[in-house]
1. Mind checking which residues of segment 190-207 are touching a helix residue (DSSP H, G or I) at 6+ places or on another chain (Cβ under 8 Å), of a type in the set (A, V, I, L, M, F, W, C) and assigned to a loop (DSSP other than H, G, I, E, B)?
2. Give Thr175, Thr247 a once-over and let me know the one that is open to solvent by 50 Å² or more (accessible area, probe 1.4 Å) and among the hydroxyl-bearing types (Ser, Thr, Tyr).
3. Out of Val124, Val79, Val91, I need the residue that is of a type outside the set (D, E, K, R), closer than 30 Å to Pro508 by Cα and at pLDDT 85 or above. Which one?
4. Sort through Asp667, Asp632 and tell me the only one that's surrounded by fewer than 21 Cβ atoms within 10 Å (Cβ to Cβ) and either within 19 Å of Leu596 (Cβ to Cβ) or of a type in the set (D, E, K, R) (or both).
5. Being open to solvent by less than 10 Å² (accessible area, probe 1.4 Å), part of a loop (DSSP other than H, G, I, E, B) and not hydroxyl-bearing (Ser, Thr, Tyr) is the filter here, so list the residues in segment 583-612 that pass it.
6. Would you be able to say whether some residue in segment 660-679 is part of a helix (DSSP H, G or I) and more than 18 Å from Ala616 (Cβ to Cβ)?
7. Give segment 323-366 a look and list any residue that's at pLDDT below 75 and open to solvent by less than 20 Å² (accessible area, probe 1.4 Å), or say none.
8. Being basic (Lys, Arg) and closer than 30 Å to Asp477 by Cβ is the filter; apply it to segment 250-291 and report the residue that is most open to solvent (accessible area, probe 1.4 Å).
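The values are calculated or read from the model by the stated rules, or taken from the named source; none is laboratory data. Everything quoted here is computed from the prediction, not taken from an experiment. All Cβ positions, even for glycine, are placed from backbone atoms using ideal geometry, and neighbour counts span all protein chains on display. Heavy atoms of the whole protein, side chains included, go into the accessibility calculation; ligands, DNA and RNA do not. Shrake-Rupley method; radii C 1.70, N 1.55, O 1.52, S 1.80 Å.
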Amino acid sequence: MSDQVPSKYDRADAESALVPFEEGGGWVGSSGPTGPQGGGGGGGIEVGRIINALLRFKWLIALGFVLGVGAAYGAYRLVEPEYRVEGAIWVNVEDPRSADAGPIAQAGLLEATAWLDLLESYAVLDPVVLEERLFIDTQPANRGLFFNFSLDDRFAPGGFVLEVTDDGQAWTLVTDDGRQLDAGVPGDPIGRDLGFRWAPPRGAMAAGMSVRFDVIQPRDAAAELSEQLQSSMDRQGNFIRLSLDGTEPERVASILQSVMERHVSVAADLKKAELDELTVILEEQLSAVQRELERAENDLESFRIQTITLPTEESAPIAPGIEQTRGPVFADYFNRRMELEEVTRDIERLNALLDSIPEDGIRVESFELIPAAQTSSQLQGALTELTQKRAELRSLLQRYTEDYQPVIDLRQDIRNLEMVSLPALTTSLVAELEEVQRNLRDLLNQRSGELQEIPPRAIEEARLERRVAIADRLYVDLRQRYETASLASASSIPDVRILDNAQVPTIPSSDPRLRFAVMAFAALFGLGIAGAVLLDHFDPRLRYLSDVSEGLGMEILGMVPRLRTGRADNSQRVFEAFRDIRMRVDFAHGTTRPVLLSITSPETEEGKTFVSANLAIAFSQLGHRTLVIDGDTRRGDLHELFDRERKPGLTDVLEGTVAESAIRATDYPNLSFLPCGSRRSASPEMLSSSRMQQTLASYKPRFDVIIVDCPPMAAGSDAFVLGAHTGNLVVVMRSGSTNKDLTRAKMEIFLRLPVRVLGGVLNDLSDKDAGVGYDRHYGYYLADYAPGADEYDGFEVDEVVTAETEEDEEPAAAAPGD
């Protein structure tokens, strides 16, 4: 026979991948599990299957590669590098309670950590947003058109499109959905009814231009800027370091510089306002003390005028024995009496202040007029702290609302001082004064007898003079503090200053273009790879050894490479494949003789006839008397492979019209052939008859191997009937052609039949598939290791029986008498 290969065995789309074969499979028989879910199950990733899937769907990989390159190029062009702008602010954090501190803590406006809160406050960020127009979102190329854009107190945020006519003589302002809001000519204000203050010059509006922009709330833009702004402070709190990232270095530098300048400006305003508030408070206290001093001086002057005609201390009668001690005793008694009156008066004033706290609150100047309060260091410290906190609260309320956390904290501190600390200190002071009052009264009662003669005028005059002296001392002290506070307010030094200005960077801090390009390429290229793997995974066609061994639970008997015309090395590989199949079939069949088996396939054009003929030749070359029977009585064409007549054949033997004359010799020694015979409409019934069983039984003593080429399983019940007659079955499946679901469904029928499935044969493997599957797991065939003629004693084995026509086109059933 010539080594010619028809097109149905040389189709390019039959090439497929093979994967490592896992041992331990079998359908029905002694060598493995008995069911379609049987089969060896080695786990792990099937690398060979993935590689062959990628080769099979290389068009999809190429598409993913091309799309990935395009996406990478687009990402590299669209993504912009980022620049980082940095700056630094110096903070004065000296201790405000140091000895050289003035009436106000000039370097202690805020706590160290509060400077960062001030930096992120809206008092700083809102003006920056308005100045830099961060509430407008548009393309960088269009920002020059908005250099004079501002907002009214009430405006309409949203997305807008400014469209200029092709002749450049008119413009329209529309929303994103095309609804017109305003129209005019270049130079007219735009969006006045929307709350926009915007009038681009005529030269800035090019003909046919279309500018899209979004206007958002400035407060929202400030919140976004606060999130983007990165700030940190050193451990001592002397430096605030700022950084801001963006794709436009000039714009980012301008924004950061504006933030630092605004931060310094707000801090200076806060400190100036606090100093001014303290000056106002001291001025109010000074006025109250001045009025008290004037009243004391007027009362003393009035008393002296009224008592100028009364006798003086020297003209008063002196009792005997008192003249020598009159001066010291009088002075002591007078001082004690004056001290008692002052203590009594202070107690009364302090009690009055305690009673007025729930209604009028604490008035600091009221404590300033009470001498006893001036001598209490604890009370004076609390009053000074209350004054400073009130001044700080007024200063903060000029910038922030009541919801600002520092304002809430200050109010709580002031309330604690007014309602807890000061009342407690005042009550403690009153108790101390009452104790002093009792001691003075006891002392005065002891000496009252000696000093009966001291004139009341001297006592009253001394009391008034003491009152004037106290008021004068308070006035001088407050006057000094007021002048110091006024000087500090006029020459206050800001607590913060810009140390490092924001500079425009020239080198990007990060360039994500390459990263995004790689990600875009990897995503699409990976999508192509994943698509190829998924398409292969869900491929309904049988292509891999695992589809047979694991998917069908069938043991692999062998694989047949694709036969190529005019290639001797390929024909020799096919012969070696059939030798391997012959060995495996012989061992799978067992020691029972003769070897009796049926060969079928799930569908047509899968090579069952090709495998039957060449397997029979392989057995005959061992010297076994071999008979191959064409059991496909409907469309069998095995006679064409052996170049013999179709009639008489199997159907004629079953009818009883012929017997021995139906078996023909072939061109191969030890190989006989029984064609399908005449076409009969009742041929399926003939195969199911007892005559068929008797015919096979009559052939068993005469032959060592009997192979029945059956119809496909999808063609009817003939394959199952012949399989039951022989008791052994080999299934031929074509790589890339056999449907896995159909094969599984048909194989389940054999579970109910007395048939032993020896295994499957994977046919029509391409050179690539055979290299992955056959060479790795069944031995690599060396083309230059072919046996010489003398090793076979002149027996020629380099021919392979091939089909030279397509399937028989005759109908499945012929009229009687065919």
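1. Trp198, Met205
2. From the options Thr175, Thr247, the qualifying one is Thr247.
3. After applying the criteria, what remains is Val124.
4. The conditions single out Asp667.
5. Hits for segment 583-612 are Pro602, Glu606, Gly607.
6. yes
7. Within segment 323-366, Ile357, Ile362, Val364 meet the criteria.
8. Among them, the one singled out is Arg291.
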